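Novice: Pasting a structure here, questions to come.
The values are calculated or read from the model by the stated rules, or taken from the named source; none is laboratory data. Everything numeric in this text was worked out from a predicted model, so none of it was measured. Note that we place each Cβ from the backbone using ideal geometry, even for glycine, and neighbour counts take in every protein chain shown. Only protein heavy atoms, including side chains, enter the accessible area calculation; ligands, DNA and RNA are left aside. Shrake-Rupley method; radii C 1.70, N 1.55, O 1.52, S 1.80 Å.
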Amino acid sequence: MTDETPRPRGALPPGSTTPRWLLLLVPLLPVWGWALWATYPDGLAPTLVTGGVALLLILVAALLLGRRDRLIAEHRLQAEGTRAATEAFAEEHLPRLVEQLRAGDSADTVLHRMSSVDDPANAAVLRAVAEEISAAERRRAAAMAACATAAGRVQALTTTMLADLRQMQERYGDGSAGSDILGDLMQLDHTTAQTGRIADSIAILTGARSGRRWGRAIPMESILRGAMSRIGAYQRVRTHNVSSLAVAGFAAEGVIHALAEILDNAAKFSPPTAEVHVHVEEVQAGIAVMVEDGGLVMGEEALRRARLAVRSGLDITTISGTRLGLSVVGQLARRYGLEVSFRSSSRGGTAVVLLLPQRIIKPLPAPTAPRPTTVPDSSAPVPAASPNGPAPTAASANTVSPTGTAPLPRSENGLPMRRRGRTLAAAERTRPVPENTSPPTSAKGFGAFRSAVRGEGPTDSPKET
Amino acid sequence: MSPHRRESPDRLYVITSGRSSGADDSLDAVTLIVAESAPAPGMQSEHADILRLCVSPMAVVEIAAHLRLPVTVVRILLTDLIDTGRVTARHPAPAPSPAHPLASPDVLEKVLVALHKL
């Protein structure tokens, strides 16, 4: 393709200029004949000699000029060729070289493929550029790998710490020493969760995968709370969630992280007292999660930049250094097919809508709270505590009225049935709360009871690591 | 096998909105809780679960075991529900004390005499 530099347009073939110069001699011939005729008898010899010498000199001059012309044409041709070669070099060879180097080929391989560049200067430039870019690529890859490895280690550490902290919270949350230790542990937990988010962000930007993977679908409520738990100002976030759907396990971590970054942005860029509202809505295309803040309205330019940051999440060179969040969101959005859109909010701030596609949405797994397994009085004709599942429970629970004015359900023989616990509750309302004279029951003794209830399956053994 | 199997992304501080104390002090581990209303849609799932569990009276410690949450956290959640009137608590009968001498020697003797008379 580029083997032969094309001949420049309008260039004359070499050698064609010489006869043109010789034509200049033609008008001299009659003048010379006339001079011979006029000086015929006497001056024939001198005229002949003079004319001959002049003719000879002119001939020589013509030949020299012709040669010079040919040289000029040749040089011009050469110059054109060089120009074309340079053009091809700049517009084709160099970009191709850079592209192949960026794709991970070694400098030698790429240069071997570029052997069609025969101009030694261009070839030298190509070699120098190839080596430089190759070295830069190696440095970049090494830096990315180092970052990814470091982030991965921090991720693993935070995962372990979070599991340990949870265990400690369970242990000390049961004891009578409860609230103080639990509060401290919660604070540590919160800090660790935020550290984990930063490590996850670095891992995602360096091309590594998220730190966690959930083995089952995660309900939307847990997704929202997981995202809240990873930001500093989670207490300002208000969730409005009536969705009964869940996010598939493989995508749950990504969605949680993307949502955490969006929530963090919303909380950071709104006044420290303003609330951030999260609405979850099931739509035709999946689940729409809208995050609304009461902060500053983003201008057109800011919105454009935010959209750009999300869209070009993959390109690490566009990251400004301080605003990593949106790039992370962009990366995650590309990976899991999420759609992110920005608009101004009716609350006065900015609204971000995160659309989760159908393919990562699952129906909610089995009810989160297990039914009571022990029914104290199974002979009671009340179906309230039947362990058949949540549906009859919900239906029967509807008959419980907080005001107590609803008619009581009737049994087969027409007698009103009293719900267990109601009379007790009614009595409790009228009875004054007894003064707490007894020592409080030691909660420590119930640890065994709790673990016995929990230890229904072998999977609930405490963490071994 | 896998300790993370039942794990969820929820952290306890989010469940309690950052509170670690503030629970009703009278809520003992064996206080019985009775639901007074049905779970409403949009409720925090733990609250809804408690209302479902406490259709029949259930002790705080049992609720904690079923929800797999520490007792302190459950007490905070229950305090919320008690404050909004969705559950009521039945406190255990006070232990004998000088003010309530249920098990004083006099009472025991009277019981013994009554038993002998039977």
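Novice: Go over the candidates A:ARG102, A:ARG83, A:ARG76 one by one and state the one that is in contact with a helix residue (DSSP H, G or I) (Cβ under 9 Å, 6 or more places away or on another chain) and of a type outside the set (Phe, Trp, Tyr).
Specialist: Values: A:ARG83 fails: in contact with a helix residue (DSSP H, G or I) (Cβ under 9 Å, 6 or more places away or on another chain); A:ARG76 fails: in contact with a helix residue (DSSP H, G or I) (Cβ under 9 Å, 6 or more places away or on another chain).
Checking each option against the conditions leaves just A:ARG102.
Novice: Check off (1) under 14 Å from the mean Cα position of the chain (by Cα); (2) modelled with pLDDT of 85 or more for B:VAL111 and give me the number that stays unchecked.
Specialist: (1)
Novice: Touching a residue at least 60 places away in the same chain (Cβ under 8 Å) and open to solvent by 40 Å² or more (accessible area, probe 1.4 Å) - does that describe any residue in the stretch A:85-100?
Specialist: The first filter runs over the stretch A:85-100 and keeps only residues touching a residue at least 60 places away in the same chain (Cβ under 8 Å), leaving A:85, A:88, A:92-93.
If we keep only those that are open to solvent by 40 Å² or more (accessible area, probe 1.4 Å) as well, we get A:92.
Checked the stretch A:85-100: at least one residue is touching a residue at least 60 places away in the same chain (Cβ under 8 Å) and open to solvent by 40 Å² or more (accessible area, probe 1.4 Å).
Novice: Would the stretch B:51-66 turn up any residue that is out of contact with any Pro (no Cβ under 7 Å at 6 or more places or on another chain) and under 19 Å from A:ARG225 (Cβ atoms)?
Specialist: No: the stretch B:51-66 contains no residue that is out of contact with any Pro (no Cβ under 7 Å at 6 or more places or on another chain) and under 19 Å from A:ARG225 (Cβ atoms).
Novice: Here's something else I'd like to know. Inside the stretch A:278-293, can you point out the residues that are in contact with a helix residue (DSSP H, G or I) (Cβ under 9 Å, 6 or more places away or on another chain) and surrounded by 18 or more Cβ atoms within 10 Å (Cβ to Cβ)?
Specialist: Residues satisfying the conditions are A:VAL278, A:VAL280, A:GLY286, A:ILE287, A:VAL289, A:VAL291, A:GLU292, A:ASP293.
Novice: Same structure, new question: In the stretch A:128-153, which residues are open to solvent by 60 Å² or more (accessible area, probe 1.4 Å), within 30 Å of A:MET186 (Cα to Cα) and not basic (Lys, Arg)?
Specialist: A:CYS147, A:THR149, listed by residue number.
Novice: I would also like to ask the following. How many residues, within the stretch B:3-62, are in contact (Cβ under 8 Å) with a residue 40 or more places away in the chain, closer than 17 Å to A:LEU364 by Cβ and buried (at least 23 other Cβ atoms within 10 Å of the Cβ)?
Specialist: Total satisfying the criteria: 0.
Novice: Name every residue in the stretch A:218-250 that is among the charged types (D, E, K, R), within 7 Å of chain B (Cβ to nearest Cβ) and open to solvent by 30 Å² or more (accessible area, probe 1.4 Å), in order of residue number. Please lay out each step first, then the result.
Specialist: As a first pass, look at the stretch A:218-250 and keep what is among the charged types (D, E, K, R): A:221, A:225, A:230, A:236, A:238.
Remaining after also requiring within 7 Å of chain B (Cβ to nearest Cβ): A:221, A:225.
Across the stretch A:218-250, the qualifying residue is only A:GLU221.
Novice: Would the stretch A:157-178 turn up any residue that is among the hydroxyl-bearing types (Ser, Thr, Tyr), in a helix (DSSP H, G or I) and under 14 Å from B:VAL73 (Cα atoms)? It would help to see each step written out before you state the result.
Specialist: Here is the first cut: in the stretch A:157-178, the ones among the hydroxyl-bearing types (Ser, Thr, Tyr) are A:158-160, A:172, A:176.
Right, trim to in a helix (DSSP H, G or I) and you get A:158-160, A:172.
Remaining after also requiring under 14 Å from B:VAL73 (Cα atoms): A:172.
Within the stretch A:157-178, one or more residues are among the hydroxyl-bearing types (Ser, Thr, Tyr), in a helix (DSSP H, G or I) and under 14 Å from B:VAL73 (Cα atoms).
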